[in-house]
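The values are calculated or read from the model by the stated rules, or taken from the named source; none is laboratory data. Predicted model, so just to flag it, every value in this text is computed and none were measured. Positions of Cβ are backbone-derived with ideal geometry, glycine not excepted, and every protein chain shown enters the neighbour counts.
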Amino acid sequence: MKNEQIKRGSFEMASAMLISGTIGWFVLMSGQAVLDVVFWRCAIGALTLLLICGLMGFLKPQLLSWNKFFWAVISGVAIVGNWLLLFAAYSRASIGIATAVYNTQPFMLVGLGALFLGERITLDKVAWLSLAFLGMLAITQQHGAAPAYGAGAYLVGVALALGAAFLYAVAAIVVKKLTGMPPHLIALIQVCAGILLLAPFAQVSALPSQPPVAWLTLLALGVVHTGLMYVLLYGAIQKLPTSITGALSFIYPVVAILVDWIAFGHRLQWMQWLGVVVILFAAAAMRQGWGLRRRPALVP
């Protein structure tokens, strides 16, 4: 039974990461302004998650206190800011580079955990953070080699992806205050917060005049990349050990880099490849808890 559960959880996690890896393509193919894309993702995602929460029995008053509602809204503001920055980075630094830089988020989370939760930073974590920083340096040194990027915008894209990673880490820290609350309900509150936050600025009336591809891509971002992806991701997290979840999460950046190459012809230069590999390796080491020194075996 446990093997069957791990097999199902692995399938759900892999599917969620495959979906996540294609999000950049849908964002760019929509042809819409980043703010409008995020607004419609929140709006369509909210309807999808409302239906999911209703079917799963999560729309109960006893599951939500005012204190938890407040922190869920704060996490939603951080998540929406994270989407805005990451989506803006795609057209500047490319989907592949933006996604690789975005995977520095575990290091942001460690720093915030030490600052606000009193969590200890070990020597191993400092070493992996230093390695990831070297990977960042390798990526930023190659900004003049890719003519497909906007002129002078490459480093701005890298900075935006770093900002997105930081806001994701902020959201993750805040969500720690919501233990016992169904994650699907948290996601619903987050996207509803996004609707209220972005509604005054979104060009809602402009969408009816857009071509069908814009409607279809925005619909996919809301239903598939928000509703379905959250269900698969949270279902997998409940079934899998942390080590397997961390390992499968790296399907996301690999798929994003492949999509960027196949769909848009963005071929990474050797220095960029080096930086990407170093960042992903350091992030994997952090998530898996790898140590630099071999620990002595315990004698029974």
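List of remarks:
- For the criterion of being touching a helix residue (DSSP H, G or I) at 6+ places or on another chain (Cβ under 7 Å), farther than 18 Å from Thr48 by Cβ, crowded, with 17+ Cβ neighbours inside 10 Å and modelled with pLDDT of 90 or more, Val175 fails.
- Subset tally (residues that are within 27 Å of Met271 (Cα to Cα) and basic (Lys, Arg)) for segment 75-131: 2
- Within segment 201-240, tally of residues that are in contact with a His (Cβ under 8 Å, 6 or more places away or on another chain) and either surrounded by fewer than 16 Cβ atoms within 10 Å (Cβ to Cβ) or of a type in the set (A, V, I, L, M) (or both): 1
- The conditions of being part of a helix (DSSP H, G or I) and touching a residue at least 12 places away in the same chain (Cβ under 8 Å) are met by Ser91.
- Of all residues in segment 1-50, those satisfying the criterion of being of a type outside the set (Val, Ile, Thr) and farther than 29 Å from Leu240 by Cβ are Leu28, Met29, Ser30, Gly31, Gln32, Ala33, Leu35, Asp36, Phe39, Trp40, Ala43.
- Scope segment 245-262; condition crowded, with 16+ Cβ neighbours inside 10 Å and not small (Gly, Ala, Ser); matching residues: Thr245, Leu248, Phe250, Ile251, Tyr252, Pro253, Val254, Val255, Ile257, Val259, Asp260
- Cβ-Cβ under 9 Å pairs, at least 6 apart or on other chains, segment 107-125 side without any contact (Cβ under 8 Å) to a residue 24 or more places away in the chain, far side in a loop (DSSP other than H, G, I, E, B): Ala114/Arg120; Ala114/Ile121; Thr122/Gly291
- Condition broken by Leu188, with the remaining ones in (1) under 21 Å from Gly24 (Cα atoms); (2) touching a Phe, Trp or Tyr at 6+ places or on another chain (Cβ under 9 Å); (3) modelled with pLDDT of 90 or more satisfied: (1)
- Pairs where the first residue, in segment 228-240, is in a helix (DSSP H, G or I) and the second is of a type in the set (D, E, K, R) and surrounded by 18 or more Cβ atoms within 10 Å (Cβ to Cβ), C-beta under 7 Å, 6+ apart: Leu232/Glu12; Gly235/Glu12; Ala236/Glu12
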